[in-house]
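Contents: one structure, followed by commentary.
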Amino acid sequence: MRSLVLIGHGSHRSAQAAEGVHQCAEQLRVQGHFREVVEAYWLEEPSLRQVLKTVQFTDVTVVPLLLGASDLTEYTFALELGLGHRGPVPVQGVNRVISGRTVHYLRPYGLHPLMQEVILARVREALAEELLQDEALLQDTALVVLGDLSGASAAQQQARALQERGLFAQVLTLPWPGASQGPPWRQLRQDIAQQVSAARAVIVPFVDDADEWCTPESLAAYLEHEDTLGVQEPTLHYIQPLATHELVARVVLELAVQAHKPLGGDLDRNYQAAWQQVLDRAAAGPLRVGEVLVSPQAGLFDVRHTLDEGRSHESLRTLVTLSGLWERARHDDTGAFRPLPTLRTLPRGWRAVFAPADLPRALQYLYPAVIEESVAHQNHALRFTPWAATAQRQSRYQSASLVTPMQVEQAAKTLCTRCLKTRIWAGEVLSQTFLSGAPGAIPCAEACTLLLSQVSAEGDTLPVSATI
Ligand code: SF4
């Protein structure tokens, strides 16, 4: 029995950044090849530091849901997971035993040869109407792959392989112009006009850090910003983002199966004990966790915002699926993205009903890693990481290690006071947990990336008011 962990970049600003990882996880859960599929993010929660504490089994396969290998997959992710590995990940992955779990950390999915099928499927979607008229159309079509142009990059590898298959008139790679409007997009259009000799070109963004930039609408808006270049140009077509195609789940499955044979590891008894404690507590009467109320109801559990306690079923919108709950919890009452699940901004006006088997995932969606860390804290087994160690480890926020304790406290005063958690990493005392009847008593074992970004002068920095 194995746990599969899909990890992504995540974002402090955009709810869309986690979409691809979430969709892929949902598909793999439905397919049932793994007993458990868990999502984790660098910039969102559950974080990479937390996720191995939340998995159920001792045999854990971790796949970065990124298209290409980079510093992120070869250094940052590996460090955050505690793998003690730096540098390129071999084809068979990096295998480590961490806290009694055997962890198999694999290469990003974009390097797998099956990605060519994902690209072809997206191209066929983009040209669906034209292909109905003329099946041989691809022979007069150029594929323009936008991405990293270094020889070993995933974009180059996949483009080369597609070129060798001879399906298209041309396959060329050009640099991704970057996620901001400007001259690089005009240069890209000029390059396409100069280098493409086919009647049409399909634009394939092979990039991870673009999110909303990868939609056909955005690409068309920036690439065709000016009416004409005054030269002959091919007709441009745009694919939907690769990351959200349903075939990506198959690529991930192939990667995991090829990387190693199932080990049939033991169940993690601590994990089971933690969740049993929560289920027993919820079955015995209403359980309050943060802003969430879980009430037993005829063998099921009614889950809602604590401020909606006592409201009639008719007055609340019922969420029938776990995915519906995941989506709802990611936005506040105004529709703004909630970059941290434990911010005191959980929306109201909904209710969800789950069987006992689904309650753990529902609570993980609402409050990732909170149950496991709270149970560990209650058992005096939660280890915390001081600010200096976190800031030094998170290389993207290097300048955070240079700030004074007073500056950290200043930022924490603005951000952490809006969060349910208590900063045990900063010496704050938490003598209870939600399990002993204090709903808001949730430990924070390590500064989150949102606080790091607020303190740091670099990276994903936004004014606090803009991110909450
Ligand atoms: S560092 Fe502050 S904002 Fe971040 S999770 Fe901990 S308490 Fe919440």
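Here is how the numbers come out for the structure above:
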quantity: Qualifying positions in segment 338-362 - buried (at least 17 other Cβ atoms within 10 Å of the Cβ) and within 16 Å of the ligand (Cβ to nearest atom); calculated: Arg338, Pro339, Leu340, Pro341, Thr342, Leu343, Thr345, Leu346
quantity: Selection from segment 110-151 of residues that are in a loop (DSSP other than H, G, I, E, B) and either free of Cβ contacts under 8 Å to residues at least 40 places away in the same chain or aromatic (Phe, Trp, Tyr) (or both); calculated: Asp134, Leu149, Ser150, Gly151
quantity: Qualifying positions in segment 326-345 - of a type in the set (D, E, K, R), in contact with a helix residue (DSSP H, G or I) (Cβ under 9 Å, 6 or more places away or on another chain) and part of a loop (DSSP other than H, G, I, E, B); calculated: Arg330, Arg338, Arg344
quantity: Selected residue [out of contact with any Gly (no Cβ under 9 Å at 6 or more places or on another chain) and more than 27 Å from Ser70 (Cα to Cα)] from Leu149, Leu162, Leu229, Leu143; calculated: Leu229
quantity: Any hit, segment 438-457, residues being away from the ligand (no atom under 14 Å from the Cβ) and free of Cβ contacts under 8 Å to residues at least 60 places away in the same chain; calculated: yes
quantity: Of all residues in segment 244-283 being of a type in the set (D, E, K, R) and surrounded by 13 or more Cβ atoms within 10 Å (Cβ to Cβ), the one that is modelled with the highest pLDDT; calculated: Arg250
quantity: Residue list for segment 21-50, restricted to those being more than 14 Å from Thr61 (Cα to Cα) and either within 16 Å of the ligand (Cβ to nearest atom) or crowded, with 23+ Cβ neighbours inside 10 Å (or both); calculated: Val21, Cys24, Tyr41, Trp42, Leu43, Glu44, Glu45, Pro46, Ser47, Arg49, Gln50
quantity: Verdict on Asp208 being surrounded by 21 or more Cβ atoms within 10 Å (Cβ to Cβ), part of a loop (DSSP other than H, G, I, E, B) and of a type in the set (Asp, Glu); calculated: yes
quantity: Inter-residue pairs, beta-carbon under 7 Å, first farther than 24 Å from Tyr367 by Cβ and in segment 404-422, second in a strand (DSSP E or B) and near the ligand (Cβ under 10 Å from one of its atoms), 6+ apart; calculated: none
quantity: Some residue of segment 61-74 being under 18 Å from the mean Cα position of the chain (by Cα), crowded, with 20+ Cβ neighbours inside 10 Å and under 15 Å from Arg361 (Cβ atoms); calculated: no
quantity: Residues of segment 366-387 that turn out to be over 26 Å from the mean Cα position of the chain (by Cα) and surrounded by fewer than 18 Cβ atoms within 10 Å (Cβ to Cβ), as a count; calculated: 3
quantity: Selection status of Val196, buried (at least 19 other Cβ atoms within 10 Å of the Cβ), more than 25 Å from the chain's Cα centre (by Cα), over 30 Å from Ser14 (Cα atoms) and modelled with pLDDT of 95 or more; calculated: yes
quantity: Extreme residue, nearest to Arg124 (Cα to Cα), among residues of segment 194-234 that are aromatic (Phe, Trp, Tyr) and touching a strand residue (DSSP E or B) at 6+ places or on another chain (Cβ under 8 Å); calculated: Phe206
quantity: Every residue from segment 399-422 that is more than 14 Å from the ligand (Cβ to nearest atom) and touching an Asp or Glu at 6+ places or on another chain (Cβ under 7 Å); calculated: Ser399
quantity: Boolean, Leu300 is crowded, with 17+ Cβ neighbours inside 10 Å and either aliphatic (A, V, I, L, M) or in the same structural domain as Cys419 (by TED's automatic domain parsing) (or both); calculated: no
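The values are calculated or read from the model by the stated rules, or taken from the named source; none is laboratory data. What you are looking at is a predicted structure, and each value in this text was computed from that prediction instead of being measured. Ideal geometry is used to build each Cβ from the backbone, glycine not excepted, and the neighbour counts take in all protein chains shown.
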